[in-house]
Every structure is written in structure tokens, then in C-alpha cells.
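Every number here is computed from the coordinates shown, using simple stated rules; none is lab data. The model shown is predicted, which means the values in this text are computed figures rather than measured ones. A quick note on method: Cβ atoms are made from the backbone with ideal geometry, for glycine too, and the neighbour counts reach across all protein chains shown.
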Amino acid sequence: MATPTFESSRARAMWQTCLASALRTALACTIVGLSTLFGPQYIKKQVAFPAFSYVTVILVVTDATLGDTFRGCWLALYATVQGVCPTILSLWLIGPSRLMASTTAIAVALSAFVVVLPENTHLIAKRIALGQIVLVYVIAYINGGLTETIMHPVHVAASTGLGVVACVLALIFPYPCLACCEVKQNCKLFAENASERFNLFVKAFSAEDNTCALAFISQAKSLVKTGAKLLQGIKAKQESMKWERFPFKFLRPYGENPGSRFQDLQTPLRWMEIALDNSPTFPVGILNSELKSCLYVLGEHISEKANSMSLESSATVPESNPENTQKFFQSLDTIQPTKKDLPSLFFLFCLSLFINKPIALSPPKEGSTKQENQEGFLKQTWTNYLSVTKNNKRFMAAFKCSLSLGLAIFFGSTYSKENGFWAGLPVAISLAGSREATFKIANVKAQGTVLGTIYGILGCFVFEKYVQIRFLSLLPWFIVSSFLRQSQMYGQAGGLSAIIGAVLILGRKGFGPPSEFAIARITETFIGLSCSIMVEILLQPTRASTLAKFQLSKNFEILHECIGSICFGSLGNLVESQNKLKVHINEMGKFIGEAEAEPNFWFVPFHGTCYRKLMGSLSKMLEYLHFGSQALLVLEKECGGIDNFVNKLDGDFKLFKDFVGSSMKCFEEVSLVKSLAILDKEFEKKLSVDVELGTSQSSCYNIIRSASEEEIDENFRSYFEHSKELVDQIVNGEECKGQVVLSLSALAFCMDRLVKETKEIEKAIKELVQWDNPSSHVNLHDISFKVRAFANSEAN
């Protein structure tokens, strides 16, 4: 069995990646340490803040490739223009001797607002610029009149430059760490992963009993998560490969990232897994000897296709034998589908996508986004400020960052003038690109800082007699921190804080005894994180749980639109609604993750399990809609001109669409209800008024379209009859008939699964409403009626 071998190679690759990242980071920090401790006097004089050189190294080189480092060089240069250059003018106008804690905090806050506001500026550039601003102003405040207006900011810029140069050298020696090499390796592993999964799925489909089938399915599922991570790693290096493309002309064959092509392989595999999960029993009823023979032949070819995919040989995929393809579809045109055969036919439909749609696709058209990327980062940089609009969300993010930084500097300097910048620096270099779970992130940052600081103190104790080489003790900590960053407990925020905490202790000079410095830094870090939390609470009062509730309702609204768009001839609207739904489901996932991490205080505890269940059902429905649209595309292509049968099929869909659509509308309304007691009380008042006025709300009672199992089965029988009539009308050959049979069956399978997921969502919505109203009786029809009654009264 190849699965254990693949898993061991994947585990070995993960270890190698973490170790390589740690060694590169350690090498960069060693270069900084040697330069500031043993370098020429000129370098020591210019690099007045080696601690920030270490910080720059951590921000740029962590998990980076050479392309990432080239980009980091440009970002550091741009950050210096944003952060250091304006401070020279500010110090000249204000005068360092006139700086106080309040004026320093205001200057830092205003500068931070200007840096964070532009939308196109990269997050790393913003973090470096904010760190530079903190150092320039706070150190000027500490030194007062002794501060040189021009040379002091220049020293900060030089410290940044040393960190960037160290990153480049660390990624070049002893050999270049290239993104294209990582992508090539991941491509090979993903191709092996996909081929192995495909073979296991085919074996499960052809199994003679349930035990063997379930064993093969279980083995394949163990590879799914690894395949997703590999694909994510391939896509993540797309920007880095572009930066490597120009310095290394001989690498041009590797210039295009194959993530989109591999996604075309990943999607049908996911569909095949869903089909097998829904298969009632094995062996499969429709699998005769002829179909089984064709399946094995095509399976070998598709597996060969997957294995032949790589970074450099993307276009040399072997073509399938037309005779084998024809035999496969000919073996299907005589099948009379039934409801229990739908999962099996859907599996074959997924397999047919490998045949009809070549795996080696041309790069997708990305429209304006790709064109903007080709214009280059330099042109985008100069248009940053021109592209700034009155966007409330972006303005609020910049305002919160500037206020947090200003308060951290003010309170940190008030507590300890000499160490005040340690309160602002953690806030500056940990700027987030989007909304985060405030308390969770602050917690892991604090834990990471304490862990790193304690390790630094222990390192100072062990190397007490060898002060000049104590930074070598960082190597084990870099390795540990690499795994901390990969863990769910600490993540990127906690892992980076742990690294910086140790680096600033072991790489410092002129800050007094290690224990005193450690206590001062931990205290200042606590002040900075407290200011961040306070600002988030004051300026972001809407809890993540509330946002998750609103997002859930929005998803039901969009899903209602999607269901209404399922028909022949309107695929454009369906695809557009699907893309919108995907964005909103991902957004809801972020809110759910944040809500699960935030404290409850005096609020009702967040029902994370139920929300996760709802999100899973919504994601499945999105997939079924996508599958259905693919089937509709094939049918529109193969059945053009047979409008009378198409209209009959649309009529068969009406029951499914009415049931699912009306249910989604009900869920949209019910999910926003906070208190059933208040709703009942207000409805009683309104009902009494309606009675006095002689009006009725019965017209509002738009009942959810029910669908019993008998009615659904009857509808399927009608659908299969009309499908058979449609297939009989096709005169283009048996191969075309086979494709139509698979597409019609796939469409029926998707509609059946949509109905089943709707019923699952109904159970989860009842559970969610009951959770918020434990003492009330939950009736979704009744709640929906009352909500619509209020909506109608408001409209009138």
C-alpha cells in the first residue's frame, strides 16, 4: 500500500521545511549579530538599533524564499520612505527637546494613521514603517536635546537595512532557497497524492462488499487534508515565483504557478468522495462487466495523467484513447437510472470530467487583477494614496491602529520613559491585515513574549561568560518556534512573539541586566496589548457572535437567489450568485472562529458547534450547486434544440426549488430573531390593533413548501421518465447519449442532496433558536409568519 510511504515522505518534507526555515532565520540573525558585535566601527556606529535589525529579520525571513526576500527588500525600502523620511521633517519642525510623552504619542498616532490608511500597501511594509516610527519618536523623546535630527532617523533606517541584507544573504547561502523548487516538490507530492486518492476511489467504487469499500474510502480520506495543504502551499508561492522570475532568467519555465491547474484536479476528486459517501451499498448495482472493464482502463489513464503533472512538464499530458472513451460512454446509454443509482452515476460523471476536460489547462484569465500584477509593484506603490477613498472600514482600521499605538506609547512612556518604546513596538510589528479574535491573539502574543523572554534569560545565564557568542543559543529556539507557528495553540502570532522575545534578550546590548530588562519589557508589552484590547472593545462594539448571526442570514438570502436561478438558460446568474455565496460563507467562517475565541462575559454563550454544523451544510449546498451547474453546462451543450423536453425537466425541478427556496427564505428571517418572548409580545399587540382595524395578516402566512418522501419519489419518477424521453431524442450517437445520461443523473443527485441538506439546516436552525430561547417553544413556521407580518406592516 502506497499510503504509508506517501505520509512518511510528507512528514519528512514538513520536518525539512521547518528545520530549513529555522536555520535560515538563525543564519540571518547570526549575520546581524556578527556585524554589530565584531563588524567595523563604522557599521556599529550606523546600526545604532541592532534590536530592530533582528525584528526586521523576523518579519522578512520567516518561512520565506528568495523571491519573498527580494520582495521584502523592496517593502523595507518603501517602508523607510513612509516611516523614516517624514520623521526627519517632523523632528526638525518640533525639535527633539520639546517632545513630551503626550506630544510623542500624538506624533506617533498621526504618522501611524498615514501609514496604515492606504489599501495597497503590503502588511510587511506597514509593520516595518510603524516600528521605525515608534523608534524614531520615542528614542528622540528619551534622549531629548541630544538627538540628532537627521542622523537619528538615518540610524533607524540603517538598522532596518542591515536586517534586510542579512535576510538576502541567509536565503542565498549556502545555496539559494527558491520558491520554484518548493513548488516543484509540492507539485510532485500533490500529483502522487491525487493519483493515490483516485486509485483508492476507483477501487472503492469497484469493491465487492461494504467492508472493502469503506476501507478504501477511509484510506483515501486520510490523504485529503494533506492534498489540500500541498495545494495551498503551491498557491501561496505564486507571488514569490514572480519575484524570482526576473533575477533568474534561466528559470523562466517555472514562471507560472500551477495552482489553478491542480485545482482542476482537486475538485473532481472531492466530488468523487462525496459520491462514495452517499452510496448506500456495495457492490454498485449499475457496475456490469463491460463498465467495470472500461473503468479500469480509464482509471489507469487518469492516474497516469495525474502523475505526469509537474511544474515543468505541464503541457505534456498523454491523451486518452478515443476508443476507450467511446466504449465508456456507450456502456452508459442503456442504463435506466433510479434514485438509488444516483450516487454511482454521479461518481461516473465526476470521472467523465477528467476525460472531457484536459487536466493541463491554460492559465486562467484573471482580468484586471493579473494586469495590475504585471504593471509591477512600483507603479502600484505610487498610486496607493491616489486610490484612497472614503471607505469607512479602512478608515476605522487605520484609526484603531493609530489610537492603539498612541495610547501604548503614552502609557508606556509614562510608566517608564527609558523603556516606553517596548510598549509600542509589539503593537506596531503585529499589525493585522483583517479583523482578529482580539482576546485570543492578545493572549497568545503575551504567552509567546513571556516564553521567548524566559528562554532569553536562561540563554544569558548559560552563556554568562561568553557574552559575545550567546546569540548562538537562539538556534534551538528558532526550531521550537517554527513548530509553535504551525500549532493551533499559538499560531503565527504566538510563534513570532516567542521568537522576537528571545531575540531581543539575547541580541540586545546596553539595556542593563537581563532579568531587569526582561521584567521591564514584559510589563511594557502588557501595557501595549492592554491598549490594543481597550481600543478594540471601544471602537468595535459589535461582537463576532452577532456578526456571525447576520452573516448566516445573509447566506440564506444569497442561497435563496441561487436556488431561484437553477434552470436551463440562466447559468450566468447562478454562477454569479455562487461566487457571492462562497465569499460570504468564508466570511462567516472567520466570524465563527473569532466568536468561539472571544469571552462570553454576561452574554449567552456562543453555540459554536451548531454554527459549524450550519456552515458545513451551507458549504455542501454550495458544492452541490456547483456540481449542478456543471451538469447543466453539459446538457445545454448536448441537448440544444430540444426545448420541449427541457421545459418538462424544468417543471420537475419546481418541487425541489419551491421547497428549498421557501425554506431558505424562512431561515433567513428566523435566524435574525433574538428573543421569541419579545417577538410574541409585540405580535400580540399588533394582532389586537389589527382586530380593531378589521385587517388580517393571513396573506403574510407564506407557508414553507413541504415535501414528503413520497412526493419526492414521485417527482423523481417523473424526472426519470422525461430524462429517458430526452435521451431517446438524441441522434448524435451513443457517446453523446452516455454523457447526457450522466449529466441528468448528476443533476438529479444534486437536487436530492440539496433537499436533504435543507432538512439538516432546519434541524440546526431549530437548535440554534432554542439555544437562545431555552424556555420557549420553537416553531419555525410560526416565527416566520410573525416576522413577515411585522415586515408587511412596516411596508404599509
Inset, instruction - Send over the Kirkwood Rh of the stretch 95-170, from the inverse of the averaged 1/r over different Cα pairs, rounded to one decimal Å. - result: 13.5 Å
Legend entry - Solution diffusion estimate, µm²/s, Stokes-Einstein, the stretch 109-223, Kirkwood Rh from C-alpha pairs, 25 °C, viscosity 0.890 mPa s: 124 µm²/s
Inset, instruction - Return the distance in nm (one decimal) between the two label points of a simple spin-label model at Lys393 and Lys340, each offset 7 Å from Cα along Cα→Cβ. - result: 5.0 nm
Inset, instruction - Give the long-range amide H neighbours of Glu436: residues separated by 5 or more places, or on another chain, with amide H under 5 Å away, using H modelled in the peptide plane at 1.01 Å from N. - result: none
Legend entry - the stretch 524-606: relative contact order as a whole-number percent, Cα under 8 Å and 6+ apart: 37 percent
Inset, instruction - Rank the residues Ile505, Ile94 as a footprinting-exposure proxy: fewest other Cβ atoms within 10 Å of their Cβ go first. - result: Ile94, Ile505
Inset, instruction - Please order Phe683, Phe354 by the number of other Cβ within 10 Å, starting at the fewest. - result: Phe683, Phe354
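Are there any trypsin sites (Lys or Arg not before Pro) in the stretch 509-569 that are in a DSSP loop and have at most 13 other Cβ atoms within 10 Å? List them by number. Let's see the in-between values first.
Values: sites: Lys509, Arg521, Arg543, Lys549, Lys554; in loops: Lys509, Arg543.
Loop-located and lightly packed - Lys509.
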Legend entry - Alpha-carbon spread of the stretch 192-242, three principal axes, descending order, Å: 50, 14, 11
Inset, instruction - Could you list Phe601, Phe328 in order of exposure, starting from the residue whose Cβ has the fewest other Cβ atoms within 10 Å? - result: Phe601, Phe328
